[in-house]
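Reviewing the structure listed below.
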Amino acid sequence: TAQVETLEFQSEARQLLQLMIHSVYSNKDTFLRELISNASDALDKLRLEAFRDKELDVDTSDLHVELETDPVARTLTVRDNGIGMSRDEVISLIGTIAKSGTAEFLAKLKENQQNDELIGQFGVGFYSSFMVADKVTLVTRKAGATEGVRWESSGEGTYTIEPAEDAPQGTAVTLHLKPEDTEDRLYDYTDKAKLTEIVKRYSDFITWPVRLGEDTLNSMKALWARSDATEEEHTEFYKHISHDWQAPLETFRLQAEGTFEYQALLFLPAKAPFDLFMRERKRGVQLYVKRVFIMDDCEALMPEYLRFVKGVVDAQDLSLNVSREILQQDRQIERIRRRLVKKVLQTVKALPAEKYETFWGEFGKAVKEGLLDDTENREAILEICSFDSTHSAEGQTKLAEYVERMKDGQEHIYYLTGDSRTAVENSPHLEAFQAKGYEVLVLTDPIDEMWVDAVPEFDGRKFQSIAKGQVDLEDEKDPEQEKEFEGLLTWLKSTLDEQVKEVRLSSRLTTSPACIVGDTYDLTPTLEKMYRSMGQ
Ligand code: ADP
Ligand code: MG
């Protein structure tokens, strides 16, 4: 008909689709998890929308997901009667990838062999259909709209879109399964037993019924309310809410009873998402109220520096009508947040060494932002931090370990900041400290420059930069020496008058003849550079 339009995928979307079509995946079954996950989200959204908008004319009495197979035509359809999509939404949600950083991510993918893992960090969602299908048809009608939309594509550059007269409300995704998979029982996605197994494995906790014919395949138990859940169930639940394809590093729970009751199930990911340091990065905790999904990225529940923590909080006594604005000011939510933060910090502290190292390598830079933002938990954050140190060329040290090794009479925790470990190690400032056997922390992240200025002490010991002010290493001034060098000092002072405030004899050097030292309250060279580049 004349109303069929052919449109092009946005170029990032096209590249990603090429990868889905042509790469080899270790586990293709996961496409079904993605489609059921989307269907479940759509049902959540409709329930909430129907609750908030009493004018919306929809039947919410039997919200569910339905699988339908046609072994002869070799198709599998995943259908939901959820919120559906308008034509514009189909184009923008399915035809484009709006995530910032996509181009960089794709460049990384091309260089890398292990695509499974990277794709997992990115979350390809709907496009994973093209791992198993050579053509995908999506028919959808938005709740409240009269006309539907039919979308179809083989994933190769373009898709068609046209009106669909009698589309039922909700979304149906039909996969035309690849012929090469038909012979292989392992990949027969029209086989009932196979589908049952996949749903049980990946989507059991989905809170809506997932049906195949007369049977409901999933148990629908909210995982956060179950204390008997297995590790595998936790992992699949984590993948559903986080859009990660890897198992989490750590799983932990929290609950409160009494006047303000809630349950939380939280996860530390094993790998940082590709956009951890991008500005519009979302936070990872979902809010439910009495088992009803309310919102993703609930920023009121987790501070920014813990944005990588994923999970669910189900609160009993909130209204389903809560908005983000209300939540920001809610005292009870504030209380939950404070407990969640403490629990996260305790959990990290208790991680076994190997897991902790993974964690710190992935998320340490983000956690250190908390030293500036979260003064209430400063000491607890300092306890889980690790830093490079002159103590050892490999591995890092925790502050408690540093303090343990401090020399008799040493009062301060010494540190030196710089662009890289090598730069710091070649600094003349280090000489005397090393010669006298003092350990110095080597701080090379830009954020380090900021927090060491803001954080007064750890365990009662001040942080002291060895590049600033007068750092005297026990030895007294020698009047003889002072006298001997008086002429040189006076001459240097007058010659360098424009450049330096003061010239003095120092005990901090062993082999270098001189070095430049900042005043106690001066900016460090790195910070000075930073401010200058910001035009200040
Ligand atoms: P994600 O789920 O991570 O957002 P997807 O690629 O899985 O990414 O889906 C992209 C978007 O398309 C979803 O965010 C949603 O807005 C829309 N979408 C996908 N499937 C459905 C569906 N069954 N019903 C309604 N909207 C859907
Ligand atoms: Mg999805």
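The values are calculated or read from the model by the stated rules, or taken from the named source; none is laboratory data. What you see is a predicted model; the values in this text were computed from it and never measured. Every residue, glycine as well, gets a Cβ built from its backbone with ideal geometry; the counts of neighbours run over all protein chains shown.
Worth pointing out:
- Filtered residues of region 440-457 (kept if more than 26 Å from the chain's Cα centre (by Cα) and surrounded by fewer than 21 Cβ atoms within 10 Å (Cβ to Cβ)): Asp453, Pro456, Glu457
- Test result for Trp224, more than 16 Å from ligand 1 (Cβ to nearest atom) and modelled with pLDDT under 95: yes
- The condition of being under 30 Å from Gly148 (Cα atoms) and touching a helix residue (DSSP H, G or I) at 6+ places or on another chain (Cβ under 6 Å) holds for only one of Gly82, Gly95, that being Gly82.
- Test set (1) farther than 30 Å from Asp53 by Cα; (2) surrounded by fewer than 19 Cβ atoms within 10 Å (Cβ to Cβ); (3) modelled with pLDDT under 95; (4) away from ligand 1 (no atom under 12 Å from the Cβ) - Thr160 fails condition number: (3)
- Of the strands (runs of 3 or more DSSP E) lying entirely inside region 237-297, those containing at least 1 residues that are surrounded by fewer than 18 Cβ atoms within 10 Å (Cβ to Cβ) and modelled with pLDDT of 90 or more are 250-256.
- Within region 205-215, the residues that satisfy the criterion of being surrounded by 15 or more Cβ atoms within 10 Å (Cβ to Cβ) and more than 30 Å from Leu276 (Cβ to Cβ) are Trp208, Pro209, Val210, Arg211, Leu212.
- Any hit, region 154-162, residues being closer than 24 Å to Val292 by Cα and either small (Gly, Ala, Ser) or not in a strand (DSSP E or B) (or both): no
- Contact map, region 98-109: first residue farther than 10 Å from Glu280 by Cβ, second residue in a helix (DSSP H, G or I) and at pLDDT below 75, Cβ cut-off under 7 Å, separation 6 or more or different chains; pairs are Phe105/Phe122; Lys108/Leu118; Leu109/Asn115; Leu109/Leu118.
- If you go through region 339-362 and keep only what is loosely packed, with under 13 Cβ neighbours inside 10 Å and part of a loop (DSSP other than H, G, I, E, B), you end up with Ala350, Pro352.
- Meets criteria (surrounded by 22 or more Cβ atoms within 10 Å (Cβ to Cβ), in contact with a helix residue (DSSP H, G or I) (Cβ under 7 Å, 6 or more places away or on another chain) and part of a loop (DSSP other than H, G, I, E, B)) for Phe308: yes
- Flag if Ala222 is surrounded by 14 or more Cβ atoms within 10 Å (Cβ to Cβ), in contact (Cβ under 8 Å) with a residue 24 or more places away in the chain and over 33 Å from the mean Cα position of the chain (by Cα): no
- Region 417-466, residues that are farther than 24 Å from Glu369 by Cβ and among the basic types (Lys, Arg): Lys436
- Cβ separations smaller than 6 Å between residues 6+ apart or across chains give the following pairs from region 230-243 residues that are within 12 Å of Ile206 (Cβ to Cβ) to residues that are more than 16 Å from ligand 1 (Cβ to nearest atom): Phe237/Phe205; Phe237/Leu223.
- Across region 34-63, the number of residues qualifying as within 32 Å of the chain's Cα centre (by Cα) and either among the small types (Gly, Ala, Ser) or under 25 Å from Val322 (Cα atoms) (or both) comes to 17.
- Note on region 68-98: residues that are at pLDDT 95 or above, over 28 Å from Arg52 (Cβ atoms) and within 13 Å of ligand 1 (Cβ to nearest atom) total 1.
- Yes/no for Thr182 being of a type in the set (Val, Ile, Thr), surrounded by 14 or more Cβ atoms within 10 Å (Cβ to Cβ) and either within 21 Å of Glu34 (Cβ to Cβ) or at pLDDT 95 or above (or both): no
- Among residues of region 140-151 that are farther than 12 Å from Met85 by Cβ and in contact (Cβ under 8 Å) with a residue 40 or more places away in the chain, none has a beta-carbon under 6 Å from a residue that is assigned to a loop (DSSP other than H, G, I, E, B) and of a type in the set (Phe, Trp, Tyr) at least six positions away or on a different chain.
- Residue list for region 13-53, restricted to those being over 20 Å from His176 (Cβ atoms), of a type in the set (Gly, Ala, Ser) and within 15 Å of ligand 1 (Cβ to nearest atom): Ser37, Ser40, Ala42, Ala50
- Boolean, Ala145 is within 13 Å of ligand 1 (Cβ to nearest atom) and either aliphatic (A, V, I, L, M) or at pLDDT 95 or above (or both): yes
- Exactly one residue out of Thr230, Thr207 is farther than 19 Å from Val136 by Cβ, in contact with a Ser or Thr (Cβ under 9 Å, 6 or more places away or on another chain) and among the β-branched types (Val, Ile, Thr): that is Thr207.
- Qualifying positions in region 21-60 - part of a helix (DSSP H, G or I) and among the basic types (Lys, Arg): Arg33, Lys45, Arg47, Arg52
- Within region 444-469, residues that are farther than 18 Å from Ala400 by Cβ reach partners that are part of a strand (DSSP E or B) and among the small types (Gly, Ala, Ser) with beta carbons closer than 6 Å, at six or more positions or on different chains, in the pairs Ala467/Gly518; Lys468/Gly518.
- Check on Leu63, assigned to a helix (DSSP H, G or I), buried (at least 18 other Cβ atoms within 10 Å of the Cβ) and aliphatic (A, V, I, L, M): no
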